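Written below as structure tokens is the structure these notes are about.
The values are calculated or read from the model by the stated rules, or taken from the named source; none is laboratory data. These figures come from a predicted structure and were not determined experimentally. Here the Cβ is made from the backbone with ideal geometry for all residues, glycine too, and neighbour counts use every protein chain on show. Accessible surface is based on the protein model in full, side chains and every heavy atom, while ligands, DNA and RNA are left aside. Shrake-Rupley method; radii C 1.70, N 1.55, O 1.52, S 1.80 Å.
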Amino acid sequence: MRTVLALLLAALLAACTAAPPPAPARGGAAALPGPLPPGVTFRPPPPEAGAAPDFTVPLTDGTKVTAATLWKDRPLVVVFFSSWCAKCGTEQRKLTELANTYRDKVAFLGVAARDTEADLRGYLEQHQVPYPVGHDDQQQTVGRSYAVAEPPLLAVIAPGGTLVKGLTSANAVETALRELLG
């Protein structure tokens, strides 16, 4: 009996002192949005707006995500940035706030270019980026399709894939989102 109790106590103590599992890396699939809540509606985009270029990027955890799946039923804000970009870091606080505020209604997707994996991970941790982040390849094909000359560029895309605006400030993104939300 004592042996059984000692074994149970040892197992209980081992379970209590075991380290918790590591948190998933920032920018991965765990940050993808869930289903759109019922009853959420959006205003139509301006009739003169054109189609947004679709693209697929690998997220920080290796999961591939396609922009069209994110903008299928909700607005998408694509954040083109680089860890070395001073203005990107300045805008990130407001972008994080917006992503948290509109979490259930709007998808956010970061697209980093000209970054090392270590620098990108450091940026995501330092700024507590709450949304998924992909890495554009060295040719920056995604950035070129959106005419990104220099980061930051923030693309607001309406549900269904209409490119509403290309902007350079998080405050302008907030205004554009308010115009889209019904």
Close Lys-Lys pairs in the chain, where close means Cα under 24 Å and separation is 8 or more or interchain: 8
The chain, accessible area per residue, ligands and nucleic acids excluded (1.4 Å, Å²): 54
Estimated 222 nm signal from helices in the chain, with DSSP H stretches of n ≥ 4 weighted -39500 (n - 2.57), rounded to 500: -10500 deg cm²/dmol
Charge context of HIS127, other residues only, Cβ under 12 angstrom, K/R +1, D/E -1: +1
Accessible surface of the stretch 67-182 [probe 1.4 Å, protein heavy atoms]: carbon and sulfur percent: 49
Net charge, THR66 excluded, C-beta distance under 12 Å - Lys, Arg +1, Asp, Glu -1: +1
Whether the stretch 95-164 is rounded, prolate or oblate, judged on the alpha carbon gyration tensor where a/c under 1.5 counts as rounded: oblate
Sum of side-chain charges, GLN140 neighbourhood, beta-carbon under 15 Å (Lys, Arg +1; Asp, Glu -1): -2
Label point 7 Å beyond Cα of ASP137 along Cβ direction - residues of the stretch 103-121 with amide nitrogen under 19 Å: 111-117
